[in-house]
Every structure is written in C-alpha cells, then in structure tokens.
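Engineer: Have a look at this one.
The values are calculated or read from the model by the stated rules, or taken from the named source; none is laboratory data. None of these values were measured; they are calculated from a predicted model. For neighbour counting, all protein chains shown are included, and Cβ atoms are generated from backbone atoms with ideal geometry for every residue, glycine included. Only protein heavy atoms, including side chains, enter the accessible area calculation; ligands, DNA and RNA are left aside. Shrake-Rupley method; radii C 1.70, N 1.55, O 1.52, S 1.80 Å.
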Amino acid sequence: MSKVVSMKEAISTHVSSGDFLFIGGYICRTPFSAIHEIIRQKITDLTITRSNAADDFDLMIGAGCVRRFISTFLSLGLYGLGRCYRRSLEKGIPHKIEVEEYTNLSLPMMLMAGAMGMPFVPVKDMAGSDLLNVSSFMGDNKYKIIDSPFDGGKTILVPALNPDLAIIHVQQADEFGNAQMWGIGGDCMYGANAAKKVIVSCERIVSRDMIGKDPSRTIVAASKVVAVVQEPFGSHPGYTPGFYDTDFAFGYLYQQASNTEQGLDAFLKEWVYDIEDRTAYIQHYIQRFGYAAFKKLEADFDYSFPVNYAY
Amino acid sequence: MNETKKYIKPELMACCGAREIKDHDLVIVGTGFPTMSANIAKHMHAPNAVMMQESGVIDAKPKRPALSVGDPCLNPGAAMIGGLVDIMGMFLQAGHVDLGFLSGSQVDQYGNINTTVIGDYDAPKSRLPGSGGANPIGSLARKTLIIALHDRKRLAARVDFITTPGYIDGPGAREKWGMPKNTGPHALITNKGVLRFDDRTKQAYLDSYHPGNTIEEICDHTPWDLKISPTVHETLVPTEEELRVIREILDPFGMISIYEKKGYV
C-alpha cells in the first residue's frame, strides 16, 4: 500500500511528454527537485500551470520541456524578468511557447472549480482589460461573457482546469500520500485537488498516526496520490517554512547564468544533467558553497503550541 | 535647491504613498514601495491599517524586509495564512479591500497599467511578467495607488496593453464593464510629482510637484496634455518623524536606496 518511491521513479512512471501539469509552490514550497527530474528525463511538450511562476518555470522553458503555459505571471522577482521566458517569446529560443494568460484571481478560481467538479466559474476581474482581447490555444474557450441569469449583470466565466497530474512539495506526508502543509498556500491546495492524480514530494515522511495528530493541516488526501517522495531540501533554491530559507544568492547565480543560452546550458549541466538525484544535489551544493552556506539556510526553531483534537 | 539633502526621492515617494492610507484600511501590498508606505502609515497615523499579501498572508510581522509577496519572513507571526483564493477571492473579490498598491512598466493618462508587453503582443519587443495579482487588485480594490517613473517612455497617452484597468478610456468605462462602483486609481505617485484623477474626465492631472521638480519640467515629461490643479503645490517633504521611522525602524540598511539606481531620483 505504500506509495513511497524515488523521484526518478515517480516522474518516469507518472509524467509523459504532452501531459498537462499543475506544479505547486508560490515561491513557497516549489517542487524543484521534481522539476529537475522532469528536465533530466527530457520530457517535452508539457502544458504547465500555476499562478505566479518564477525561476522554476523559467528553467523548464529554457530547457525546452514546455509547449504551453497557462499563466498569470513569470519573473525572477528580485532579479528581474525571466530570461528564458523572454528568449522564448521574443526570439523563439529554444522554441516559442504558447501562453494563455489569466490573473492571480481567475487562475486560482479555475483550479478551485476544477477541484470542485464545477464546469466553470464566474470571476470579477479581467473586465475592460486587454487580457480579454488575446487568446492562444484555448481560443474562444478562454472565457465567455454572459448576462447573469440572476440579475442580468455582465458576467465573465472562465473554464475549470483539470490537469493530468499535480506535483506539489509539502512539509510532511505519510506513506499513503496524506499530505500536510503550512505557511503561504498560493494555489497549491486547489491545484492539487483539481488534478486527476498527484505526486507528493515532502521534506519528511511521517506515520499515519502523526498525520492524525493534526489532520486540519492535510491539503491532499491519500486517495488521489499516486507517489510519495521523501525529498529533503526538495524546494531549494525556494523555501519550505520550518525547514529552510530562500537561497537569494542562488537566485542571483541563476539570473546571471540564464542571461545567455551558453550560461543556461552550463547551469543545466552543473545542477541538473550531471546530478543523479537530490542527495547528489545537496552534496554538490555543499562542495560548491561550503557546509556553512548550506547550514545558514536552515530554519530557526519556533514551534507553535501543540493542538488538541480530543473530545 | 541644492540645500543639504535631507532625504532621498524614494523616501519621499514612500511617504506620499503612506499619506494615502487611512487608519483601519485593509491594504493589499506588493514588495518595495507599497510595503514601505504601508509600514510608515502604520507607525504614523494608521496604526490599525492591516496589510495583506495576495499569496495568502494577513497582518504579517516580518523581522526583515520581505523581498517578495511569498517571502519566508511573512509566515511566522501573521494573523492568518491561506492561499490565493482566500485573499484574492474572499477578501478582494468580495469587496473588502480598501487599497491596492501597484506599479507599472507603463502607465497611461487614465491610470491603465501595462505589465504584459512592450510592442506587439504576438511579436513582443519586450516581454514583461504579466498580470499576476495586478489586474484583480486594480479591478476590485476600492482605491489603487500607482507608482511609476515619470518620463515619456514609462508614461503614455495610451498603454500598449491594458494589463490592469484604470479608468480604461474615460468616464463611465468601468461602470460599463460592470466593475464595482466608486473604485479605480486614486493617485499616481511618480519621481517628479503626485497626479490625481479628475472626477469628471478621469484623466490624471498634476496635484503636487516634488521639491526640485518644476511644473514645466513635469509637463515636458508627460505625454498627454497634463492639466494642472488650481491648488497645485509643492509635495510635503518627509517629516523628521517619518524619516526616523524609515531609517531606524523599517529600513536600517537603507535598502530603499536601490530605487535610486532604478531611476527614482
């Protein structure tokens, strides 16, 4: 019954070229090790989605894994515009991806609708903007405008999304896939539940009993989960609350590398292609930057009080 | 004019933003200026204003400046953490957010903002990040404040792409689109002055010019026929107390000065 596998096995078993993936993480808890494995396995033609993408999606675009992107935003934050994203859209390098653009209200609502089994959902944003004047692969189905059957008001409807697979990184899960998360949520819970199946990457695997001590933290129940991967440091250079901080220095390294195609190739070789798995990645990180730099990312201890569910 | 410089332009702009925040306002902020402004307001005249980040955070108590709206330091100490649907849906779309803070690569006379593309959408000269939370914030917050650089490239008569609607093409346009009543851009704070939006025409006009910037210079750098308020005046400089809050409490390392390098001078 245990679904615990290696990342290599999880990706090779459950991700195919051409799939539609929700990849969780809003700066917080990005499943970076899964993203590296997808790149390493040379999976292509993916449709990817999540609100607010960053270096993670930029890297996948630069590595040539992506055909379509249902997006709201992509930047390197502090470090400016996404270099690979720009090269793809401005120069067609490595190829021009197709982008369908929404917002950080409408896209999470579309995932929520997908999770709830609703066919579509009304949203109050995008009205009067040019987001309604551009569409890509979704064509006329990007949105519809109707007169509300209740009050006659102009109403924008956007379709539900049901990705083939969601990949999320959380603090802890049990071997069956009950996944627990805390901290900034982004669109992770709805994105995961909108998908037909879920890969859970986690900092630590805990017992089913441990999950039961604080079940309100579970965002995905085991039934949808097809693989559980214990992947400490799995969202580096992003962060996981209670485990490690964002690695801003590494963000700068990525910005500098991704400035040019050659730089990106060297980055991919060093951090993805020549790396076997996340354990090797951590070893390489420590060799490259020193153990002190690695330790410095480690989170402080600041525990909450235990909660009591007893009756 | 070249008196000893007591403050830098980004500090002045942050104070301009802070003064627009009222006590008890619910404010959606991004990083940089918005957070700085909201924090100044909280330390000055609006102690009960509450900040939220679209990523899911309400009333964070960060111990270092947040470098993104999903920054790790926003987690411990917050009053509530959910996700996008909670903040953008339950608070913003439901109509509970008083003020949103936006910045734009390109802003026009009606307060429309472009963060999508410079040039043609299908063959972009420069591809920008996209809407993120900006479009819903500009559409649904009661008031929006916009921060922009003041030159003929960053300001436009009409943006290349309306990512986030201001008053769109003038009076009645937001209403025609069914957007919530009495919402829209409230002020455009630039490195040269503060522009506000005419109730009748919805066009941005000059309300105040920053010390060292003249009305003539500002008109010169504005690519539409800029109207001047009959009560136009010099922008109030940061008070000693505001500067103390910025330098001693909020930003002891002077990180706000990076905006000078970005042209906010």
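Engineer: Conditions: (1) open to solvent by 50 Å² or more (accessible area, probe 1.4 Å); (2) in contact (Cβ under 8 Å) with a residue 24 or more places away in the chain; (3) not aliphatic (A, V, I, L, M). A:Asp55 meets all but one. Number of the miss?
Structural biologist: (1)
Engineer: Could you grab me the full set of residues in the range A:71-86 that are facing chain B (nearest Cβ under 7 Å), in a loop (DSSP other than H, G, I, E, B) and open to solvent by less than 30 Å² (accessible area, probe 1.4 Å)?
Structural biologist: A:Thr72
Engineer: Next up: For the range A:204-226, state whether one or more residues are crowded, with 24+ Cβ neighbours inside 10 Å, on the phi < 0 side of the Ramachandran plot and small (Gly, Ala, Ser).
Structural biologist: Checked the range A:204-226: no residue is crowded, with 24+ Cβ neighbours inside 10 Å, on the phi < 0 side of the Ramachandran plot and small (Gly, Ala, Ser).
A quick yes/no check of all residues on (1) small (Gly, Ala, Ser); (2) assigned by TED's automatic domain parsing to the domain that holds B:Thr31; (3) over 20 Å from the mean Cα position of the chain (by Cα):
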site	(1), (2), (3)
B:Lys202	no, no, no
B:Tyr205	no, no, no
B:His210	no, no, no
B:Cys219	no, no, yes
B:Trp224	no, no, yes
B:Glu242	no, yes, no
B:Val265	no, no, no
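Engineer: Suppose the filter is more than 14 Å from chain A (Cβ to nearest Cβ) and open to solvent by 10 Å² or more (accessible area, probe 1.4 Å); does B:Leu155 pass it?
Structural biologist: Here the answer is no, as B:Leu155 does not meet what is asked.
Engineer: So the check is Cβ under 9 Å with 6+ separation or different chains; which pairs have a first residue in the range B:214-235 that's more than 16 Å from B:Asp198 (Cβ to Cβ) and a second one that's among the small types (Gly, Ala, Ser) and assigned to a loop (DSSP other than H, G, I, E, B)?
Structural biologist: B:Pro223/B:Ala157
Engineer: Also, quick follow-up: Return the only residue of A:Ile156, A:Ile145 being of a type outside the set (S, T, N, Q), over 30 Å from A:Arg29 (Cβ atoms) and buried (at least 19 other Cβ atoms within 10 Å of the Cβ).
Structural biologist: Matching residue, one of A:Ile156, A:Ile145: A:Ile156.
Engineer: Let me ask something additional. Just to be sure, is A:Thr44 under 24 Å from B:Asp71 (Cα atoms) and among the hydroxyl-bearing types (Ser, Thr, Tyr)?
Structural biologist: no
Engineer: Something else about it: Which residues, taken from the range B:129-139, are farther than 15 Å from A:Leu107 by Cα and either at the interface with chain A (Cβ under 7 Å from one of its Cβ atoms) or in contact with a His (Cβ under 6 Å, 6 or more places away or on another chain) (or both)?
Structural biologist: Within the range B:129-139, B:Pro129, B:Ser139 qualify.
Engineer: With (1) within 12 Å of chain B (Cβ to nearest Cβ); (2) of a type outside the set (Lys, Arg); (3) buried (at least 24 other Cβ atoms within 10 Å of the Cβ); (4) in contact with a strand residue (DSSP E or B) (Cβ under 7 Å, 6 or more places away or on another chain) as the list, and A:Asn104 as the residue in question, which single condition is left unmet?
Structural biologist: (4)
Engineer: What number goes with the only condition from (1) outside any loop (DSSP other than H, G, I, E, B); (2) open to solvent by less than 20 Å² (accessible area, probe 1.4 Å); (3) among the small types (Gly, Ala, Ser) that B:Gly132 does not pass?
Structural biologist: (1)
Engineer: In the range A:284-311, what residues are open to solvent by 90 Å² or more (accessible area, probe 1.4 Å) and over 22 Å from A:Cys28 (Cα atoms)?
Structural biologist: Matches in the range A:284-311: A:Gln287, A:Arg288, A:Tyr291, A:Phe305, A:Pro306, A:Asn308, A:Tyr309, A:Tyr311.
Engineer: Determine which member of the set A:Phe57, A:Phe22 is within 20 Å of A:Gly82 (Cβ to Cβ) and outside any helix (DSSP H, G or I).
Structural biologist: Sole residue among the options that is within 20 Å of A:Gly82 (Cβ to Cβ) and outside any helix (DSSP H, G or I): A:Phe22.
Engineer: Being facing chain B (nearest Cβ under 8 Å) and acidic (Asp, Glu) is the filter; apply it to the range A:107-141 and report the residue that is least open to solvent (accessible area, probe 1.4 Å).
Structural biologist: Step by step, filter the range A:107-141, then rank; the result is A:Asp125.
Engineer: Mind listing whichever residues of the range A:14-52 are within 23 Å of A:Val206 (Cβ to Cβ) and surrounded by fewer than 22 Cβ atoms within 10 Å (Cβ to Cβ)?
Structural biologist: A:His14 - this is the single residue of the range A:14-52 that is within 23 Å of A:Val206 (Cβ to Cβ) and surrounded by fewer than 22 Cβ atoms within 10 Å (Cβ to Cβ).
Engineer: Now for a separate question. With the requirement that a residue be open to solvent by 40 Å² or more (accessible area, probe 1.4 Å) and among the acidic types (Asp, Glu), what does the range B:216-242 give you?
Structural biologist: Once the filter is applied, which keeps residues that are open to solvent by 40 Å² or more (accessible area, probe 1.4 Å) and among the acidic types (Asp, Glu), the range B:216-242 yields B:Glu216, B:Glu217, B:Asp220, B:Asp225, B:Glu234, B:Glu240, B:Glu241.
Engineer: Please go through the range B:65-124 and pick out each residue that is out of contact with any strand residue (DSSP E or B) (no Cβ under 7 Å at 6 or more places or on another chain), open to solvent by 40 Å² or more (accessible area, probe 1.4 Å), more than 30 Å from A:His236 (Cβ to Cβ) and not in a loop (DSSP other than H, G, I, E, B).
Structural biologist: Passing the criteria: only B:Met90.
Engineer: Quick check on the range B:191-212. Is at least one of its residues hydroxyl-bearing (Ser, Thr, Tyr), surrounded by 21 or more Cβ atoms within 10 Å (Cβ to Cβ) and closer than 30 Å to A:Ala127 by Cα?
Structural biologist: Scanning the range B:191-212, I find no residue that is hydroxyl-bearing (Ser, Thr, Tyr), surrounded by 21 or more Cβ atoms within 10 Å (Cβ to Cβ) and closer than 30 Å to A:Ala127 by Cα, so the answer is no.
Engineer: Go through the residues of the range A:184-200 one by one and say whether even a single one is open to solvent by 20 Å² or more (accessible area, probe 1.4 Å) and modelled with pLDDT under 95.
Structural biologist: No, the conditions are met nowhere in the range A:184-200.
Engineer: Taking B:Gly166 and the conditions (1) small (Gly, Ala, Ser); (2) open to solvent by 10 Å² or more (accessible area, probe 1.4 Å); (3) at the interface with chain A (Cβ under 10 Å from one of its Cβ atoms), which numbered condition does it fall short on, given that it satisfies the others?
Structural biologist: Going through the list (1) small (Gly, Ala, Ser); (2) open to solvent by 10 Å² or more (accessible area, probe 1.4 Å); (3) at the interface with chain A (Cβ under 10 Å from one of its Cβ atoms), B:Gly166 breaks only (2).
Engineer: Further question: Tell me, which residue of the range B:54-64 that is at negative phi and more than 8 Å from every other protein chain (Cβ to nearest Cβ) is surrounded by the most Cβ atoms within 10 Å (Cβ to Cβ)?
Structural biologist: B:Ala60
Engineer: Among the residues of the range B:23-35, are any in contact (Cβ under 8 Å) with a residue 60 or more places away in the chain and of a type in the set (D, E, K, R)?
Structural biologist: Yes, that holds for at least one residue.
Engineer: Could you list, in sequence order, all residues of the range B:40-64 that are in a loop (DSSP other than H, G, I, E, B) and either of a type outside the set (D, E, K, R) or not assigned by TED's automatic domain parsing to the domain that holds B:Val245 (or both)?
Structural biologist: Residues satisfying the conditions are B:Met44, B:His45, B:Ala46, B:Pro47, B:Asn48, B:Ala49, B:Ser55, B:Gly56, B:Ala60, B:Pro62.
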